[in-house]
1. Assuming a ≥ b ≥ c are the square roots of the Cα gyration tensor eigenvalues, decide whether the stretch 265-359 counts as rounded (a/c under 1.5), prolate (otherwise, with a/b larger than b/c) or oblate.
2. Under the √(5λ) rule applied to the eigenvalues of the Cα gyration tensor, what semi-axes describe the equivalent ellipsoid of the stretch 351-498? Give them in Å, descending.
3. Only one of the values (1) 48.8; (2) 25.0; (3) 27.7 was calculated from this structure for mean projected area of the Cα convex hull in nm²; name its label.
4. Under 8 Å for C-alpha pairs, at least 6 residues apart: give me the relative contact order for the stretch 1-100, rounded to a whole percent.
5. Order of 31-44, 278-291 by packing, highest average Cβ count within 10 Å first?
6. When ranked by the protection proxy of mean other Cβ atoms within 10 Å per residue, highest first, what sequence do the peptides 403-414, 142-153 form?
7. So how tilted is helix 120-140 from the main axis of the chain? Cα-based, degrees 0 to 90, rounded to 10.
8. Rounded to the nearest 10 degrees, what's the angle between the helix 300-310 long axis and the longest principal axis of the chain, both from Cα atoms, 0 to 90?
């Protein structure tokens, strides 16, 4: 593969991603993280703070989707250029394959269409850069590369806790190599992450240990635990799609590339461990839990590079055609789908969510006719409406164990006596209305339609904070803020605000 083919593919895919980022509406997850950027902090409810910091730097210049998504738009190209630069030093005997290696990172299916800025964006960047530096250090036994790998791993730790899987892969690799250099390298890398871990421990101790509760307690209720026969199959399907261009070669037992030099064997082994160990750990976890596609993104490039290095020469051209062909198919399919009107999706259950995402401004204006304060019963809807209208939308009710950053931003004590319009995508049940009547002096319900989707307005007059605290906030405290006694805690925003005499402990 020559440089012109890679340059052409990089140009086409980057232009496509720029168009997609500008044309596709902001998703609920992105809108949720947008509010992290609007109110930056040392930490946030669900995850470490890195994506919030990135968005905080971008928001003052523009709040357009294309601008806020720009880090994710350029991420595959940036990683591909990093691979293209590093490849000749990692595999000198295979230097001619560097364009194909870069293309493999650039043209994996998710890299073609994923333009959504989330916590995975900085995680993937820092994890891949850290892994490439670790491989270089393993090859040259150079402490400077271990230091760079550690600094990047610290960035990954501040992005998402899945960075721990990469750290575990480093541990396995160092133990497997059993050299003094590897041991020192592991110490250097882990030492670099200590300040990041200390920052997160300090912040969590002052904020109800919300990261711990979300990632290890609240999202693992009885309905999501226990052996599951379906989730492993879903995980296999996820990997099959994510690695689709490489799949024919991964499933065949190919002979080892004859051109490997002795000094390249550590790199080959490192890539295998950095790619497959996290994916195998996810496979074990899939026995109990559904594994999201975005969970594996930080580790796929290592599998791709290992595949490129191991293939016999005669299979390189078919792999190149597979990468280009599948990427082109994704582009054509997405462009064709974009020409369909929104109403074409009316038969699907997600249609109201789609309409809200596309026309959230018009829907918000309809709701504002009844009261100046609009709330939602779901975090995704609230974040989306808030982003589209540039005004924060709180969540009324208990909500779920996910995306509870609203608990930090909304103080229901200040809502006493105010009128609220609760915007819903589903009709409230009689039981729902009974609860609303406890929270307001009067309640009325109406609905309106937009693009054929029906939305309900629950109009509550004169909010009763005391009733809401006893009915809702106490349930939230019992369900989502039971901090284990063994964790040191300096403060908890939720109990300090609403239940100062009842600490958030279990």
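1. Working: a/c = 3.92, a/b = 1.61, b/c = 2.44.
It is oblate, given that a/c is not under 1.5 and a/b is not larger than b/c.
2. On the way: eigenvalues 150, 63, 36 Å².
Computed over the stretch 351-498, the values are 27, 18, 13 Å.
3. (2)
4. 32
5. Values: 31-44: 20.6, 278-291: 16.4.
Most protected by this proxy first, the peptides run 31-44, 278-291.
6. Numbers: 403-414: 18.1, 142-153: 20.5.
The peptides rank, most packed first, as 142-153, 403-414.
7. 20
8. 10
Readers should treat all values here as calculations from the given coordinates under stated rules, not as data from a laboratory. Every value quoted in this text rests on a predicted model; they were computed, and no experiment measured them. Counting neighbours? That spans all protein chains shown, and the Cβs are built from the backbone with ideal geometry, glycine included.
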